[in-house]
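Step one of this worksheet: look at the structure below.
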Amino acid sequence: MNTPANPINTADLYDERAEDVESISLQFQDLGGVSHFNGPVRTIKCFEDNALVKAVLATPGGGAVLVVDGYGSLRTALMGDMIAESAVANGWAGIVINGAIRDRVAIAKLPLGVKALGSNPKKSSKVGRGEVDIPLVIDGVHIEPGNLIYCDPDGILVER
């Protein structure tokens, strides 16, 4: 796992700006090839259907972080290696998935930050059910499109 040249450590950031950030206490796994990532948030809410994840990550990311609320489901994967490769090619800083991914060995080799609850080799449906760029609440933390998010092995902080 790679660390950027000037990583932002969430523990230090929380110490400096506790009033300005919220911590997600849900224990996400670090599954990408980059350990520290941050950027403005884009959001998706979907349940066991990754069509919107694929579509959004195929657009220019401009260093943003996609936060996907998959309702915590581990029954199907919301992202695999091909979608993750698309995210890299389109300039996304990372993805946080409240749900599962697959192809974790391949994803761990990509220059992309990825946090998810776990993995499952089972594909999701591809109907396109869900919503894009809407406010989310994960683990009691409100996440709005455009908020800044900071991720590292210690956890996830979201600006209020």
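In Å, what Kirkwood hydrodynamic radius results for segment 71-143 from the alpha-carbon pair distances?
For segment 71-143, inverting the mean 1/r across all distinct Cα pairs yields 13.0 Å.
Please list D133, D49, D81 from largest to smallest accessible area, probe radius 1.4 Å, with all protein chains kept in place.
D133, D81, D49
Work out, step by step, the length gained on full extension between T59 and K122: first 0.36 nm times the residue separation, then minus their alpha carbon distance; give nm to one decimal. Kindly include the intermediate steps, with their values, before the conclusion.
Details: separation 63, 0.36 × 63 = 22.68 nm, distance 2.48 nm.
Computed gain between T59 and K122 is 20.2 nm.
Per residue, what accessible area does the chain have, given a 1.4 Å probe and all protein chains present, in Å²?
Per residue, the chain has 46 Å² of solvent-accessible surface.
So if R0 is 30 Å, what FRET efficiency would R75 and S23 give, r being the distance between their Cβ atoms, rounded to the nearest 0.05?
Details: r = 27 Å, r/R0 = 0.90.
E(calc), rounded to 0.05, equals 0.65.
What's the Kirkwood radius of the chain in Å, using all Cα pairs?
One decimal place: 15.1 Å for the Kirkwood radius.
For the chain, set up a Gaussian network in which alpha carbons nearer than 10 Å are linked by springs, and say which option among A93, A18, A58 fluctuates the most.
Checking each option, the largest mean-square fluctuation is seen for A18.
For the chain, give the percent of accessible area contributed by carbon and sulfur heavy atoms, probe 1.4 Å, rounded to a whole number.
Of all accessible area on the chain, carbon and sulfur atoms account for 51 percent.
Counting helices only, and only those DSSP H runs with n ≥ 4, report the 222 nm mean residue ellipticity of the chain as the sum of -39,500 (n - 2.57) divided by its residues, in deg cm²/dmol to the nearest 500.
Computed mean residue ellipticity for the chain: -4500 deg cm²/dmol.
With an 8 Å Cα cut-off and a minimum separation of 6 or more residues, compute the relative contact order for the chain in percent. Let's see the in-between values first.
Working: 442 pairs, mean separation 55.0, N = 160.
Relative contact order here is 34 percent.
So what J values fall out for segment 100-114 if you push phi through Karplus, 6.51 cos²θ - 1.76 cosθ + 1.60 with θ = phi - 60°, rounded to Hz, Gly and Pro as x?
10, 10, 9, 6, 5, 5, 5, 5, 5, 8, 8, x, 8, x, 9
The values are calculated or read from the model by the stated rules, or taken from the named source; none is laboratory data. Remember, predicted model here, so these are calculated numbers, not experimental data. All Cβ positions, even for glycine, are placed from backbone atoms using ideal geometry, and neighbour counts span all protein chains on display. Note: accessible area is taken over every heavy atom of the protein model, side chains too, but ligands, DNA and RNA are not part of it. Shrake-Rupley method; radii C 1.70, N 1.55, O 1.52, S 1.80 Å.
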